[in-house]
Amino acid sequence: MKSRLTAGVVVCLRTTLSGALPGLFVYFVKRARRFTGRRSSPNQIGAQIAYSWLICQCPLWRSHLTSTQRSATLLRQFPPSRIICLTEETVETLYLLGEQDRIVGVSGYAVRPPQVRREKPRVSAFTSADIPKIRALEPDLVLTFSDLQAEIAAELIRAGIAVHAFNQRDIAGILAMIRTVGALVGAVDKAERLARSYEARLGDVAALVRGRPKPKVYFEEWDDPLISGIGWVSELIEIAGGEDVFPELRKQKAAKDRIVSPHDVIAAAPDVIVASWCGKKVVLDKIRQRPGWDAIPAVRNCRIAEIKSALILQPGPAALTDGLDAILAALGRRK
């Protein structure tokens, strides 16, 4: 019995990194006790450890595994090799880190970088997902965002899939998301360099516009009802040298808590209106023709601009780069 256990463990030791065996050993001891009500013999445990780790090391062998066997192996790999991203920002982050080969499925809204639509299967919208398709892709990690995907996350967790839910709503949260994604895929140094490059760019832009007059800006995230800008958008407006006319609302995470009335906007008298209707095309004439809005300086002076949602309404690299550039352009600032 002892020799058989030793043989099984030696196979593992020759094919693993140090530190991997203890987790597998504890897992199989617990699993054996749960399903049999008694201790597994040493040779059984050794064989299970060796088999599981070899399967982890050789993905092509996984096709014949049962769903239970997959959950016992795939969820214990680091870094994860099969990631599904249910929002755009984690997709773009992984590409920027050079870790795109780990992605096996993405949100249907993912458009950055452009090749993602050719390279990766689409498995979800924003508040809905094709759970059978996700399970068929055998992910070892799914990345989600906010309470709006809580039901999706819960269903995946019940299916035994590892899920990490992000919830960033401001610039600091975006930078933390980038660093966290890097840590999750073993690319800490690359993620740190990327985050610091964005911090430096934000600082440079803020310095460039410092001391200039600050135009008052109304950011419209939705048109009916009117919804003002979320945290990171409001912060980017300030970095670009503008003044958000509803700064007190930017800490409200839920859109319903950032609803404003048409009269509120008229009273705020913004110099610039920037609109991004959450994936819907902005109709500038509709904004101009709202009753009483001809008194607003932005309307009177034709300073209304649209920013595509993919650039500004995803809390990730796009907002800190092209999104910020679009705000600068709307405010008449040079990059």
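Here are a few things to note about the model shown:
- Put a dot 7 Å past the Cα of Asp101, heading toward its Cβ, do the same for Cys302, and the two dots end up 5.3 nm apart.
- Rounded Å value of the spacing that divides the Cα centres of the range 176-191 and the range 79-105: 11 Å
- Computed E for Ala268/Ala172 - FRET, C-beta separation, R0 30 angstrom, nearest 0.05: 0.70
- Separation of the Glu248 and Ala183 label points, Cα + 7 Å toward Cβ, nm: 3.6 nm
- Three-way shape call for the range 213-330 based on the alpha-carbon gyration tensor, with the a/c threshold at 1.5: rounded
- Förster-model FRET efficiency, 30 Å R0, Ala295 and Trp222, C-beta, rounded to 0.05: 0.85
- Segment Gln115-Ile259, length gained on full extension (0.36 nm per residue, minus Cα span): 48.2 nm
Bear in mind these aren't lab numbers, they're just calculated from the coordinates by the rules spelled out. Note that the structure is predicted; figures quoted are calculated from it, not measured. Counting neighbours? That spans all protein chains shown, and the Cβs are built from the backbone with ideal geometry, glycine included.
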